[in-house]
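I have placed the structure first, in the form of structure tokens, so that the comments after it can refer back to it.
The values are calculated or read from the model by the stated rules, or taken from the named source; none is laboratory data. Only a predicted model underlies this, so the values are computations on that prediction, with no experimental measurement involved. In this analysis, Cβ positions are derived from the backbone assuming ideal geometry, glycine residues included, and neighbour counts consider all displayed protein chains. Surface areas here come from the heavy atoms of the whole protein model, side chains and all, with no ligands, DNA or RNA. Shrake-Rupley method; radii C 1.70, N 1.55, O 1.52, S 1.80 Å.
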Amino acid sequence: MSGKPRLTYLNGRGRMESIRWLLAAAGVEFEEVFLQIKEQYEKLITDGSLLFQQVPLVEIDGMKMVQTRAILSYIAGKYNLYGKDLKERALIDMYVEGIIDLMHMILMFPFSPPDAKEKNIDSIKDKATNRYFPVFEKVLKQHGQDFLVGNKFSWADVQLIEAILAVEEKVPAVLSGFPQLQAFKKRMSNMPTIKKFLQPGSPRKPPPDEHYVETAMKVFMK
Amino acid sequence: MAGKPKLYYFNGRGKMESIRWLLAAAGVEFEEEFLETREQYEKLLQGGSLLFQQVPMVEIDGMKMVQTRAILSYIAAKYNLYGKDLKERALIDMYVGGTDDLMGFILIFPFLSAEDKEKQRAVIVQKATSRYFPVYEKVLKDHGQDFLVGNQFSWADVHLLEAILMVEEKKSDVLSGFPQLQAFKTRISNIPKIKKFLEPGSLRKPVPDDKYVETVRRVLRMYHDIKAN
């Protein structure tokens, strides 16, 4: 007997956003608890809720899950977004890990000093256009299917659409050399659960701003 | 029809070491090709063998797998080291995530300046003894079983032993407050396949030295200063 999954994190994207995306894509409603002051975080630690004293925390199916990847893998497995066999899972894992590496640059961006920000955007653009996007462009071109793996919607597709939109916020014309990805972006955005998540009023969080960074420092820094 | 898995990496631990551990624990023999020159790396790149232009790369079951975690998950599942159901897999993933974070502090260690190394050694010990080891100590104490998850040997056990030994290389008495982990270390080290991997002449790699660092920097053209985060 379980209620909705409950997410505990800052009121912003960070490492929780991929989890929000995946739950939304799977059509799973969830609740959220937002950390706004240090005392809330300290209480979670003294309560023993955070296995390694870190968030994200997702309470789901009687477990207090931590570690972003573990949470995402569990959701993908539970909601049939992880391929049909071990080899498809291997492909999904490879694609997702690559995208996570790209997203890491975006994750760290708000915390970088002002004089490094332009250089960081150049790095994001360089890695997106030379390392990551060409891979997925080629995958889609070669099999000509709608989805990255096994002709079926999976975690890999959700992770990629999230990444595309996040990079576009920093580098607006980034998809200009990638016609397959442009079509993919449109296709994914029109899937009912994703379309709903992309509308105002959904649990999707806006790009991190100074207030988000301040709150993160306040809650987590000693 | 499958030959032995073939590992492409530098002749040293780095991100490939966890994969060597897991294959060894599963009793799987493997071959290795060591990157020693820039030319070898460029040849792999041009041949399209490296999906994201990076190593580790493991040729296994007809796939050219990259991304350490993807490779480890595949091996764990294939050789029944990933628990019996989704919830056990979730626990294993959580535990491995923790030991992976801990080993991340050690991964960059060889690349740091002498001064930063001393600071990082203290960070490694502090994280191990106050954040990570207490968790596994408690897990083992609470269920009293030999293995971390589901009373069955799994990837989580292999990864934890690897982490313990690596932290001990930085501070030899680091397990002194952790009797469960001491017993765990002895128990897992005595599992025949692991015992074999811990013996001289196995494919386990030694603590990275300056030669290893120089090779990585040269092959990847990675000459910038590396700072601990």
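Report summary: the helix-based calculation at 222 nm, which adds -39500 (n - 2.57) for every DSSP H run with n ≥ 4 and divides by the residues of chain B, gives -16500 deg cm²/dmol.
Across the alpha-carbon atoms of the range B:110-229, the computed radius of gyration and Dmax are 16.7, 49 angstrom. Taking A:Asp126, A:Asp85, A:Asp93 as the candidate residues, the one with maximal mean-square fluctuation in a Gaussian network model of chain A, Cα springs under 10 Å, is A:Asp85.
Cross-link list B:Lys15/B:Lys119; B:Lys43/B:Lys64; A:Lys117/A:Lys186; B:Lys6/B:Lys78; A:Lys138/A:Lys205; A:Lys117/A:Lys196: which exceed 25 angstrom alpha carbon to alpha carbon? Violating the 25 Å limit, Cα to Cα: A:Lys117/A:Lys186; A:Lys138/A:Lys205; A:Lys117/A:Lys196. Inter-chain Cβ neighbour count for A:116-123, averaged per residue, equals 0 (cutoff 10 Å, partner chain atoms only).
The mean sequence distance of close C-alpha pairs (under 8 Å, at least 6 residues apart), as a share of the length of the range B:86-190, puts its relative contact order at 33 percent.
Between the C-alpha center of the range B:140-200 and that of the range B:32-66 there is a gap of 31 Å. For chain A, modelled as a GNM whose springs connect Cα atoms under 10 angstrom apart, the maximal fluctuation among A:Ala156, A:Ala183, A:Ala24 occurs at A:Ala183.
If only the Cβ of Lys and Arg carry +1 and only the Cβ of Asp and Glu carry -1, the dipole of the range A:86-190 around its Cα centre is close to 300 debye. Using Cβ point charges alone (K and R +1, D and E -1), the dipole size of chain A about the Cα centre works out to roughly 440 debye. Normalised by the number of residues in chain B, the average gap of Cα pairs under 8 Å and 6 or more apart makes the relative contact order 28 percent.
Seen from every direction in turn and averaged, the convex hull around the alpha carbons of the protein assembly as shown projects onto 22.0 nm².
Once each of the chymotrypsin sites (Phe, Trp or Tyr not before Pro) sitting in a DSSP loop with at most 15 other beta-carbon atoms within 10 Å is removed, chain B keeps B:80-222 as its longest stretch. Normalised Debye scattering of the range A:17-69 at q = 0.13, 0.19, 0.31 Å⁻¹ gives log10 I(q)/I(0) of -0.34, -0.71, -1.34, counting only Cα atoms as equal scatterers and leaving out solvent. Counting lysine pairs in the range B:158-219 that sit 8 or more residues apart in sequence, or on different chains, and whose Cα atoms lie under 20 Å apart gives 12.
Using only C-alpha atoms and all pairs of different ones, pull out the Kirkwood radius for chain A in Å with one decimal. Computed over Cα pairs of chain A, the Kirkwood hydrodynamic radius comes out at 18.3 Å. The mean accessible area for residues of the range B:1-149, using a 1.4 Å probe and ignoring ligands and nucleic acids, is 41 Å² per residue.
Averaging Cα coordinates gives a centre for the range A:99-175 and one for the range A:1-73; these two points are 24 Å apart. Overall, the protein assembly as shown carries a charge dipole of about 480 debye about its Cα centre when +1 sits on the Cβ of Lys and Arg and -1 on the Cβ of Asp and Glu, all other atoms neutral. Note on chain B: GNM, Cα springs under 10 Å; of B:Leu203, B:Leu51, B:Leu81, the largest mean-square fluctuation is that of B:Leu51. Per-residue ellipticity at 222 nm from helix content only, as computed over chain A with -39500 (n - 2.57) for each DSSP H run of at least four residues, stands at -16500 deg cm²/dmol.
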